[in-house]
Structure formats: structure tokens, C-alpha cells
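Contents: one structure, followed by commentary.
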Amino acid sequence: MKLVSYLREETDQLAILVNGQLYNTQELHPDLPNNMGMFLMMWEDVIDVARQADASLKAGKHPGTAKGIPVESVQLLSPVPFPTSCRDGYAFRQHVAAARRNRKVEMIPEFDQYPIFYFTNHNAIQGPGDIHCMPDHFDKLDFELEAAIVICKAGRNITAAEADDYIGGFMIMNDMSARTLQMEEMKLNLGPAKGKDFSTVIGPMLVTPDELEEFLVAAKPGHTGNNYNLKMTCKVNGIQVSEGNMGDMDWTFAEIVERCAYGVNIMPGDVIGSGTVGTGCFLELNGTGKLNDPNYTEQWLQPGDVVEMEIEGLGTLTNTIVKEDTDFSILALKKNV
């Protein structure tokens with residue numbers, strides 16, 4: 001099942017996507033909530049009803065009073081417009097190893113011992129469309145190509161062996177990064193904060209695990225949980241800059257959920273990112289380029305750039321970079337410089 005949130009009469013509307021048409025959930029069946037937040041809160045009570053409606057739509061039948069709306073005719077929101085929290089993991093060894101190699105430091109052995117994550121600003125979650133950036137963000141503005149999940153039922157102290165049952169679906173994530181702000185504050189061993197908190201993009205739809213069963217592959221040796229052979233790419237202004245695969249995740253989402261839920265309640269609506277796939281950001285690409293050629297010209301995102309991320313089975317997430325009409329700078333507020 002493919003679930004989409006879009007703007008309808010100034011509020012978020014949940015719909016099922018079938019063959020390019022959106023069908024509003026509450027018009028498919030009176031028991032179905034009309035927004036993703038309630039759908040996730042009621043997941044175990046409504047998921048079978050939604051699956052039956054989805055199956056009917058795929059069979060050419062229109063249950064209830066639902067009429068199809070062309071997906072291209074609406075303003076898409078994040079599939080989970082108001083997540084209860086947002087964590088981002090660090091699952092791809094290739095990316096971590098390349099980034100450390102480019103900084104001329106050894107691979108950190110702790111990466112292979114346990115998965116980690118950080119909390120980012122869940123109030124800055126957005127979907128397809130414009131990403132509004134302040135002047136300081138453009139000091140090495142970067143994308144990060146990732147996948148993300150959303151939690152669909154509450155839990156605590158969940159083991160990796162059972163954690164896949166708590167995953168409602170998968171989305172594309174673009175963990176936007178302002179690298180100069182990020183690197184400055186992390187010198188103080190805290191963060192990332194201002195380098196990350198202005199925008200995290202997820203979308204364009206939430207795809208439930210049953211839609212991806214044909215792509216299931218084994219987890220890496222010594223790891224637990226589902227893994228998926230899904231090609232990942234990113235284009236900037238129509239030129240492909242990144243390519244990877246979800247199957248390259250060393251730590252599975254199940255293992256990341258296990259760590260997230262240790263001694264803590266995870267809640268329906270919590271979004272968790274995979275971390276950046278190998279080659280999945282300009283920071284890594286620029287570092288590799290300069291390592292191989294001292295004259296390599298760095299590339300960073302600029303106003304007007306169009307970023308297109310695609311993950312097989314999860315759709316294409318498209319955003320345009322927009323500069324805010326201001327010269328306000330927090331970098332200029334630094335003391336004693």
C-alpha cells in the first residue's frame with residue numbers, strides 16, 4: 001500500500017495512491033482516519049480495513065464514495081506531516097569509512113559494535129517542493145540521500161528480532177545539511193544542531209512493507225532484521241551525483257529500532273532515518289574528489305538547484321533550493337573573531 005498526505009482545504013489529508021490516483025481514506029471506509037497521525041495511532045485497528053480498500057482499488061473497484069484525484073494535481077506534503085519525533089541513524093559503513101578516509105583518520109571500530117543515531121528537528125519535517133534556506137545555510141549546503149521508516153505502534157525494550165513488526169512503512173529521506181554550521185558547532189562535541197535543524201525532507205509517499213517483499217534480501221552477516229535490495233540515486237539539476245542501494249545497510253532498521261527503544265517508549269509517528277548511503281552527499285563526494293585530485297572543484301547546493309532522489313519502489317522526491325530574502329547571519333555573530 002502507498003499512503004500519501006496532501007494539502008486539502010488548508011489541512012493534511014491522507015489518501016491511498018493507486019495507478020496515479022489518490023483516494024481519500026475516510027471516503028473509502030468510515031472507519032479510516034483522514035490524516036496520517038491518527039492512522040498511525042490507530043494502526044492495528046485500521047490497517048486491515050485499509051489493505052482491503054487498497055486491494056479493491058487495485059482490482060478496479062471503488063469502495064465507499066471515493067473518487068480518484070490525479071496525484072500531480074495536488075500539493076504533496078510529507079507522508080508523515082507531524083512526526084512525534086525524528087531520529088537519524090548511521091547504517092552505511094561505506095559512507096562512514098569514506099568520510100573518515102577523506103579526513104585522513106582511521107575507521108572508528110565502534111561503528112561495527114552498535115548502531116547510533118541523533119535526534120533532529122521533527123518540526124522541520126517537510127515533503128516535496130521548495131526548501132527555504134538562510135544565507136548561512138549556503139556556506140557548504142548539502143543533501144544526504146537516505147531511506148526512512150515510521151513507527152506504527154508503541155513499544156519499549158524491543159529486540160531486533162521483533163522490531164520489523166513496529167515498522168509501518170518506508171520513505172525517501174533527504175537530511176539537509178549546512179556543513180559550515182555543522183562542523184563549527186561539532187568542534188565543541190555537541191550537535192549536529194543548527195547545521196541540520198532547518199529542513200529534513202521525507203516523501204513522496206509511505207510504502208508499507210508488504211509492497212516490498214519481492215526486494216527482501218538477507219541482512220549482512222552477524223546482523224538481524226529485514227533488508228531490501230532497492231537502488232538509490234540522487235540527481236542535482238538532472239545530473240546524477242549519487243548511487244547506492246538500501247541493501248548495503250550494515251545496521252538494519254530493526255537493529256536501529258532496538259537501540260532507539262532501549263529503556264524508552266517509541267511511539268506511532270516516530271520517524272527514523274537510515275543515515276547516508278555511500279556516495280550520498282557532496283561532503284563525501286568532494287572529499288573523495290580532492291583526495292584523488294588536489295585541483296578538484298568542490299560542489300555544493302546553490303539557490304535554484306533541483307534535487308531529485310529516487311529509491312526503487314519508494315518513488316521520487318523532488319525539491320528546489322530557495323534562498324530567503326534576508327542577509328541575517330548567525331555566523332557573523334561569533335565573538336572574538
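Looking at the stretch 82-97 only, could you name the residues that are part of a loop (DSSP other than H, G, I, E, B) and under 14 Å from Gly280 (Cα atoms)?
Our first condition is that a residue be part of a loop (DSSP other than H, G, I, E, B); within the stretch 82-97, this holds for 82-84, 90-92.
Within the stretch 82-97, Tyr90, Ala91, Phe92 meet the criteria.
Suppose we keep only residues that are among the hydroxyl-bearing types (Ser, Thr, Tyr) and crowded, with 19+ Cβ neighbours inside 10 Å within the stretch 132-187. Which one would you say is farthest from Tyr262 (Cα to Cα)?
Filtering first and then ranking leaves Ser177.
Does Thr252 meet the test of being more than 18 Å from Phe138 (Cα to Cα) and assigned by TED's automatic domain parsing to the domain that holds Thr159?
Details: more than 18 Å from Phe138 (Cα to Cα): yes; assigned by TED's automatic domain parsing to the domain that holds Thr159: yes.
So Thr252 passes the test.
Does the stretch 118-155 hold any residues that are closer than 16 Å to Phe170 by Cβ and in a strand (DSSP E or B), and which are they?
Passing the criteria: Ile125, Leu145, Glu146, Ala147, Ala148, Ile149, Val150, Ile151.
In this structure, is Arg100 among the basic types (Lys, Arg), part of a helix (DSSP H, G or I) and in the same structural domain as Gly168 (by TED's automatic domain parsing)?
Values: among the basic types (Lys, Arg): yes; part of a helix (DSSP H, G or I): yes; in the same structural domain as Gly168 (by TED's automatic domain parsing): yes.
Yes: the conditions hold for Arg100.
Is there a residue being under 19 Å from the mean Cα position of the chain (by Cα), in a helix (DSSP H, G or I), farther than 28 Å from Ala154 by Cα and in the same structural domain as Leu145 (by TED's automatic domain parsing) anywhere in the stretch 283-306? Let's see the steps before the verdict.
Of all residues in the stretch 283-306, those under 19 Å from the mean Cα position of the chain (by Cα) come to 283-284, 301, 306.
Adding the requirement that they be in a helix (DSSP H, G or I) leaves 283-284.
Then drop every residue that is not farther than 28 Å from Ala154 by Cα, which leaves 283-284.
Keeping just the survivors that are in the same structural domain as Leu145 (by TED's automatic domain parsing) gives 283-284.
Within the stretch 283-306, one or more residues are under 19 Å from the mean Cα position of the chain (by Cα), in a helix (DSSP H, G or I), farther than 28 Å from Ala154 by Cα and in the same structural domain as Leu145 (by TED's automatic domain parsing).
Kindly list the number of the only condition in (1) in a loop (DSSP other than H, G, I, E, B); (2) of a type outside the set (D, E, K, R); (3) in contact with a Lys or Arg (Cβ under 7 Å, 6 or more places away or on another chain) that fails for Ile272.
So the condition that Ile272 fails would be (1).
I'd like the residue in the stretch 293-320 that is of a type outside the set (S, T, N, Q) and touching a Gly at 6+ places or on another chain (Cβ under 7 Å) and, out of all such residues, is nearest to Val207 (Cα to Cα). Show your work before the answer.
Step one: list which residues in the stretch 293-320 are of a type outside the set (S, T, N, Q), which gives 293-294, 296, 298, 300-301, 303-315, 317.
Going one step further and asking which of them are touching a Gly at 6+ places or on another chain (Cβ under 7 Å), we end up with 296, 317.
Working: Tyr296: 39, Leu317: 13 Å.
Looking at the filtered set, the residue picked out is Leu317.
If Thr65 passes every condition in (1) part of a helix (DSSP H, G or I); (2) among the β-branched types (Val, Ile, Thr); (3) not assigned by TED's automatic domain parsing to the domain that holds Ala219 but one, which one does it miss?
Thr65 satisfies all of (1) part of a helix (DSSP H, G or I); (2) among the β-branched types (Val, Ile, Thr); (3) not assigned by TED's automatic domain parsing to the domain that holds Ala219 except (1).
Just to be sure, is Gly304 modelled with pLDDT of 95 or more and either over 21 Å from Met171 (Cα atoms) or among the acidic types (Asp, Glu) (or both)?
Details: modelled with pLDDT of 95 or more: yes; either over 21 Å from Met171 (Cα atoms) or among the acidic types (Asp, Glu) (or both): yes.
Taking the combined requirement at face value, the residue satisfies it.
Quick check, is Gly203 assigned by TED's automatic domain parsing to the domain that holds Ala148, part of a strand (DSSP E or B) and in contact with a Ser or Thr (Cβ under 6 Å, 6 or more places away or on another chain)? Break it down stepwise before answering.
Values: assigned by TED's automatic domain parsing to the domain that holds Ala148: yes; part of a strand (DSSP E or B): yes; in contact with a Ser or Thr (Cβ under 6 Å, 6 or more places away or on another chain): yes.
So Gly203 passes the test.
Search the stretch 146-160 for residues that are outside the structural domain of Arg93 (by TED's automatic domain parsing) and pair each with any residue that is assigned to a strand (DSSP E or B) when their beta-carbon atoms are under 7 Å apart and the residues are at least 6 apart or on different chains.
none
Tally the residues that are among the acidic types (Asp, Glu) and buried (at least 19 other Cβ atoms within 10 Å of the Cβ), restricting the search to the stretch 20-77. Give the steps one after another, and end with the answer.
Within the stretch 20-77, the subset among the acidic types (Asp, Glu) is 27, 31, 44-45, 48, 54, 72.
If we keep only those that are buried (at least 19 other Cβ atoms within 10 Å of the Cβ) as well, we get 54.
Going through the stretch 20-77 one residue at a time, the tally reaches 1.
Hey, could you check the stretch 55-102 for residues that are charged (D, E, K, R), within 24 Å of Gln13 (Cβ to Cβ) and in contact with a strand residue (DSSP E or B) (Cβ under 9 Å, 6 or more places away or on another chain) and say which is modelled with the highest pLDDT? Can you show your working first?
Keep residues of the stretch 55-102 that are charged (D, E, K, R), which gives 58, 61, 67, 72, 87-88, 93, 100-101.
Imposing the further condition that a residue be within 24 Å of Gln13 (Cβ to Cβ) reduces the set to 58, 61, 67, 72.
Pick out the ones that are also in contact with a strand residue (DSSP E or B) (Cβ under 9 Å, 6 or more places away or on another chain) and you get 58, 67.
Details: Lys58: 97, Lys67: 92.
Across the stretch 55-102, the extreme among qualifying residues is Lys58.
Considering the stretch 233-253 alone, what residues qualify as being of a type in the set (Val, Ile, Thr) and either assigned to a strand (DSSP E or B) or surrounded by fewer than 19 Cβ atoms within 10 Å (Cβ to Cβ) (or both)?
As a first pass, look at the stretch 233-253 and keep what is of a type in the set (Val, Ile, Thr): 233, 236, 239, 241, 252.
Answer for the stretch 233-253, where residues must be of a type in the set (Val, Ile, Thr) and either assigned to a strand (DSSP E or B) or surrounded by fewer than 19 Cβ atoms within 10 Å (Cβ to Cβ) (or both): Thr233, Val236, Ile239, Val241.
Six or more apart or on different chains, Cβ atoms under 6 Å: show the pairs whose first residue is in the stretch 289-317 and surrounded by fewer than 14 Cβ atoms within 10 Å (Cβ to Cβ) and whose second is at pLDDT 95 or above and in a loop (DSSP other than H, G, I, E, B).
Qualifying pairs under 6 Å: Val306/Asn237.
Out of the residues in the stretch 19-46 that are without any contact (Cβ under 8 Å) to a residue 40 or more places away in the chain and within 23 Å of the chain's Cα centre (by Cα), which is nearest to Ala154 (Cα to Cα)?
Looking at residues that are without any contact (Cβ under 8 Å) to a residue 40 or more places away in the chain and within 23 Å of the chain's Cα centre (by Cα), I get Met42.
The values are calculated or read from the model by the stated rules, or taken from the named source; none is laboratory data. Computed from a predicted structure; not experimentally measured. Every residue, glycine among them, receives a Cβ derived from its backbone with ideal geometry; neighbour counts consider all protein chains shown.
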